[in-house]
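Below is one structure, written out as C-alpha cells, with a few remarks after it.
The values are calculated or read from the model by the stated rules, or taken from the named source; none is laboratory data. No experiment lies behind these values; they were computed from the predicted model shown. FYI the Cβ positions are ideal-geometry reconstructions off the backbone, even for glycines, and counts take in every protein chain you see. Surface accessibility is based on the protein's heavy atoms, side chains included, excluding ligands, DNA and RNA. Shrake-Rupley method; radii C 1.70, N 1.55, O 1.52, S 1.80 Å.
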Amino acid sequence: MAHPIAPNSWHRNREGLGIWEGRGKVVATGVGTSPTARRWDERPETSLGALTIIAIRKAIEDAGISPDEIDGIVLTPESTTGVSNDPMSPAPEGFDQVFKMVDFPQAGITRGDIDWILLNMPELKNVEFKMNGPVCMSVALTTAAEAVSRGLTKTCLVVRGWHNLAGRYYVGQGAAALNTSSGPGKYGGIWGMPACATTAMIFEEYCNKYGKSHEMMAPFVVEERRNGLMNPDGFYTQHRPEMITVDDYLSGRWIAKPANIYDNDLPIQAALAVIFTTPELAAHHAQKPVYILNHAQTRPELQGVTPTLAEWEASSDKMGRMLYEGAGIGPEDLSFEQMYDGFTLFHQFHLEGLRFASRGEKRGYALDLYQTDISIEGPNPVSPSGGNSGNGRTRWWHHRDCILQLQGRSPSQIKRKAEYGVSGAHMPNFCDALIWGAGPD
Amino acid sequence: MPKQSPVPTELDQPFYDACNEDRLVVQHCGPCNRFQFPPRMMCARCGNPGLTWRQVSGRGRIKSRVVVYDSPVSTLVPEQPFNVATIALDEEPDVIMLSHLPGVPVDQVPIGAAVEVIFETTPATGQKVPEWRLAGS
Amino acid sequence: MAFLISFDIDGTLEFGDPPGGITVEMVRRAQELGFLIGSCSDRFPSAQKALWEARDIRVDFVAAKHMLPDIRSRFEAVKYLHIGDRELDQQLAEKAGFEFLWDHEGVAEPWLEWLESHGG
Ligand SMILES: [Zn+2]
C-alpha cells in the first residue's frame, strides 16, 4: 500500500519545457485485458485481484517475454469511482484460501496493491521498482514512462483494475442519505447534483455560448458504441451486444439535463496491464513497439465549488500546447484522438483543446465535427476504441487502443495509416495525457 | 427545498455564522486580491494562509443551469425535477456558488440574468445557507 | 378492458442485470391471460426489444423508464402497473398514474387476482 508516487518534478505541467527528454526512449509492447463483469459476484476467482493477475499474465504472454524480465510495476491502487470498502473491512469467506493476504484485507477486492500482486504471482521474482500512479491509469502510464526513460526500470508493468460491488452505488447511500452534510461536499453537495451534473452544467454553458445542442452528441455516442462492439474485450461485446441508435440515445432519461443516462458510463469490473520497456529491449518482444513521444498534466486551480467553461477551455488548451511542444508534432499529425469520454459530454473539450481535425477553428467546432465522418473508416477517427461509452467504465480503453492502433492490430483499426495518436484522462482541467507514435520521431 | 444541513467546522464557521445573520462572506487573499470559495486553509493560488473573510454584495449572475432528475441526495428526491444553477459573484465572476433558484420553473432558468442572495434555513439543524433569486423578484 | 403491466428490467426481471425475481414464465402467463405487457427500463428501447425477442415474447411496448406517461396515453386499460426495484421507479410510476409494486412484491403475481375481482 505504501509505495511512493512520482515526484512532482516528473509531471510535465507547464509550457516552455521543450522536447521531452524521454522522447523515443520508452515504448509499449504487450497488452493484457481481463474479462469484464457488471458486478462482483463475491467469488475469489472473479475478484479485482484475480482479474489483475489475468491481465498481467496476458500482457506478458502478449509481449512474448518471460516473467523474469519484469523488473518494475506501476499500479493505480484506487479501483472505482463508486463504493470502496474500508481497507480493513474483512474479505468474503474463502478469499484467503485462494489468495495470499497482505496487511489489509481489501487488497485484491476493492483496492489494487503491488505487494498483493507480487505475493500472488510468484513468477514475478525480479520486480525491484514499485511505484503507485494514483487515481487514474493515466498517471500510472505517465509515471511508468518517466521511470523507464530515467533507467529506473527496464521492463515495467503498468496496471489498473476496477471493481464494482453489488447494489446501486451513490444513489441515496452513505452521506447522501443523511439529513446533514459534513466534509468538503457540503459546499456544493447539498444542492443534490448527481456526478454528471458538473459536466452537464459546463456543456450547457458551451451550448449556450456556441449555439449547439445536446442532440448533436448523438452521432458521437452511436459511433463510440459501434467501435466498442468491435472490441472482443469490451463489456458490451461480452454482455450486452446491442447497438444503440440515434433514437435510443435521444430517448434517454435525463439524469441532470442536458446529461442523460447514456451520457453516463456503466461501472464494471475489469483489469488492464501494459508493458513498457526500452526500444532496445523491445527488439525481442513479440509486439511492435509503440513509442511514447511526450506526456503532460493539468490540475485545476478552482475558485468556486464547480469549474466553469472558461477554466475547462483554458486548461485543455494548455494541455494541447504542452503535448505538442514536448512531442514535436502538431494537431495535423494526429491520425486519431482518444481522449476520455466518461462523461460523453466532456469529450469535446479535450478534443478542441488538441485542435483535433480543426480547420482553423479554436473552440465550439467539435459538435459540428461529430456531424461529419468521425468513423474509423473516415479521415478523422474520433475515439476509435469506443472509450468508456462503448466498452464500460475503466478510463483505459482509449490508452490501450492507442497502442493497438499504432501496432496495427486494433479490433477497430482505423483505415488511414496510424502514425500518431493521443490519449488522456480524465477531466478537461484534471488530466494526464500521452502522445504515442508508431516510430521514435 | 429540504436541503441537508451543512455541519460547520473551525475553518468555515465564520461563513456559516454570517449566513445565520443573513450576510454573505467569502475568503479573500490580500496579496492576490482574490476571493475563493469553498473555504480553504490557504490561498489556492499563492499559498497565503492569512486569508480574511470579506462581506460581498450578494449580487451575481446566472452562469449556467441543469435540471436534476436523479439526485443522489435522498431528501431532494421528492422534489425532482429541480433546477441547479451556477452563480458567478459580481465581485469576482470566477467565484461560483450553486442555487436551486426557488420560484423559477424548470427549463426556464435565464442564463446571464442578475440574481441576489437570500438565506434559506435547512430543516435538520436550522443552519442557514445562501440561496439566490432573480434580482427584483 | 385490459390491464397493463410494465416491467423494469435490471433488478426486476430474471434476465436483468442484476437478475430480479420476476420470471419470463410469469410474464408469459400474464400475457396469455390477456394483460398488456412490456418493459420500461433504462436499457435503450431497441435493446429491450432484442431482449424480449430472444425470449420469444412479443411485448406490446418497450420504452425508456420516464416514458410511462406516454405508455398510459397509448393504451387504454382498467389498471396500469409498473414493477421495479428503485425509488425512482416508484416515483415515475406514481407520477404517471401507475400503481407500483416492488420487484419482490411482484414475485407473488398479485395481478392475477385482478382477473377475479373484475370478473375475468
Ligand atoms: Zn493568494
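Worth a mention:
- Scanning the stretch A:369-384 for residues that are touching a residue at least 60 places away in the same chain (Cβ under 8 Å) and either surrounded by fewer than 21 Cβ atoms within 10 Å (Cβ to Cβ) or closer than 12 Å to A:LEU351 by Cα (or both) gives A:TYR370, A:GLN371, A:SER375, A:VAL382, A:SER383.
- Residue in the stretch A:13-28 that is assigned by TED's automatic domain parsing to the domain that holds A:HIS163, hydrophobic (A, V, I, L, M, F, W, C) and open to solvent by 80 Å² or more (accessible area, probe 1.4 Å) present: yes
- Breaking point among (1) in contact with a helix residue (DSSP H, G or I) (Cβ under 8 Å, 6 or more places away or on another chain); (2) of a type in the set (Ser, Thr, Tyr); (3) on the phi < 0 side of the Ramachandran plot, for A:THR372: (1)
- Failed item in (1) within 16 Å of the ligand (Cβ to nearest atom); (2) touching a Gly at 6+ places or on another chain (Cβ under 7 Å), with B:GLU91 passing the rest: (2)
- In this structure, A:THR308 qualifies as in contact (Cβ under 8 Å) with a residue 12 or more places away in the chain, of a type in the set (Ser, Thr, Tyr), within 10 Å of another protein chain (Cβ to nearest Cβ) and in contact with a strand residue (DSSP E or B) (Cβ under 8 Å, 6 or more places away or on another chain).
- Flag for C:ILE83 being assigned to a strand (DSSP E or B), crowded, with 22+ Cβ neighbours inside 10 Å and of a type outside the set (D, E, K, R): yes
- Taken over the stretch B:87-101, the criterion of being more than 7 Å from chain A (Cβ to nearest Cβ) and free of Cβ contacts under 8 Å to residues at least 40 places away in the same chain is satisfied by B:ALA88, B:ASP90, B:PRO93, B:SER99, B:LEU101.
- Within the span defined as the stretch B:74-86, one or more residues are away from the ligand (no atom under 16 Å from the Cβ), more than 8 Å from chain A (Cβ to nearest Cβ), under 30 Å from C:GLU94 (Cβ atoms) and touching a helix residue (DSSP H, G or I) at 6+ places or on another chain (Cβ under 8 Å).
- Filtered residue count, the stretch B:51-73, keeping only those that are away from the ligand (no atom under 16 Å from the Cβ) and either of a type in the set (Asp, Glu) or more than 7 Å from chain A (Cβ to nearest Cβ) (or both): 9
- The residue list A:ALA270, A:ALA256 contains one member that is more than 14 Å from chain C (Cβ to nearest Cβ), in a strand (DSSP E or B) and crowded, with 18+ Cβ neighbours inside 10 Å, which is A:ALA270.
- B:GLU116 vs. criteria under 16 Å from B:PRO6 (Cβ atoms) and within 13 Å of the chain's Cα centre (by Cα): no
- Pair list, Cβ < 7 Å and 6+ apart or interchain, from the stretch A:190-211 residues that are in contact (Cβ under 8 Å) with a residue 60 or more places away in the chain to residues that are acidic (Asp, Glu): A:PRO194/B:ASP70; A:CYS196/A:ASP263
- Residue match in the stretch A:119-133 (condition: among the acidic types (Asp, Glu), over 15 Å from A:ILE275 (Cβ atoms) and in contact with a helix residue (DSSP H, G or I) (Cβ under 6 Å, 6 or more places away or on another chain)): no
- Residues that are of a type in the set (A, V, I, L, M) and open to solvent by less than 10 Å² (accessible area, probe 1.4 Å), drawn from the stretch A:231-247: A:ILE244
- Unique residue being buried (at least 21 other Cβ atoms within 10 Å of the Cβ) and over 13 Å from A:LEU157 (Cα atoms) when the list is A:GLY94, A:GLY108: A:GLY108
- Filtered residue count, the stretch C:75-107, keeping only those that are out of contact with any strand residue (DSSP E or B) (no Cβ under 7 Å at 6 or more places or on another chain) and without any contact (Cβ under 8 Å) to a residue 24 or more places away in the chain: 5
- Number of positions in the stretch A:172-230 that are on the phi > 0 side of the Ramachandran plot and surrounded by 24 or more Cβ atoms within 10 Å (Cβ to Cβ): 1
- Check on A:LEU345, buried (at least 24 other Cβ atoms within 10 Å of the Cβ), of a type outside the set (Phe, Trp, Tyr), under 26 Å from B:VAL95 (Cα atoms) and not assigned by TED's automatic domain parsing to the domain that holds A:THR142: yes
- When residues of the stretch C:53-80 are limited to those that are part of a helix (DSSP H, G or I), of a type in the set (A, V, I, L, M, F, W, C) and within 12 Å of the chain's Cα centre (by Cα), the one farthest from the other protein chains (Cβ to nearest Cβ): C:ILE71
- Test: B:ASN48 is within 16 Å of the ligand (Cβ to nearest atom), without any contact (Cβ under 8 Å) to a residue 12 or more places away in the chain and among the polar types (S, T, N, Q): no
- Considering residues of the stretch B:1-39 that are part of a loop (DSSP other than H, G, I, E, B), touching a Pro at 6+ places or on another chain (Cβ under 9 Å) and within 16 Å of the ligand (Cβ to nearest atom) only, the residue nearest to B:SER74 (Cα to Cα): B:PRO38
- For the stretch A:394-432, residues that are farther than 24 Å from A:PHE235 by Cα and in a strand (DSSP E or B) total 4.
- B:ARG133 being within 7 Å of chain A (Cβ to nearest Cβ) and modelled with pLDDT of 95 or more: no
- Residue pairs whose Cβ atoms lie under 9 Å apart, sitting 6 or more positions apart in sequence or on different chains, and linking a residue in the stretch A:324-341 that is touching a residue at least 40 places away in the same chain (Cβ under 8 Å) to a partner that is open to solvent by 10 Å² or more (accessible area, probe 1.4 Å) and among the aromatic types (Phe, Trp, Tyr), are A:ALA327/A:TYR420; A:ILE329/A:TYR420; A:ASP333/A:TYR324; A:ASP333/A:TYR420; A:LEU334/A:TYR420; A:SER335/A:TYR420; A:PHE336/A:TYR420.
- Checked across the stretch A:71-80, the condition of being open to solvent by 10 Å² or more (accessible area, probe 1.4 Å), modelled with pLDDT under 95, assigned by TED's automatic domain parsing to the domain that holds A:THR33 and out of contact with any Gly (no Cβ under 6 Å at 6 or more places or on another chain) holds for at least one residue.
Here's the yes/no breakdown for (1) more than 24 Å from A:PRO300 (Cα to Cα); (2) at pLDDT below 95:
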position	(1), (2)
B:PRO14	yes, no
B:ALA18	yes, no
B:GLU21	yes, no
B:GLN27	no, no
B:PRO31	no, no
B:GLY47	no, yes
B:VAL56	yes, no
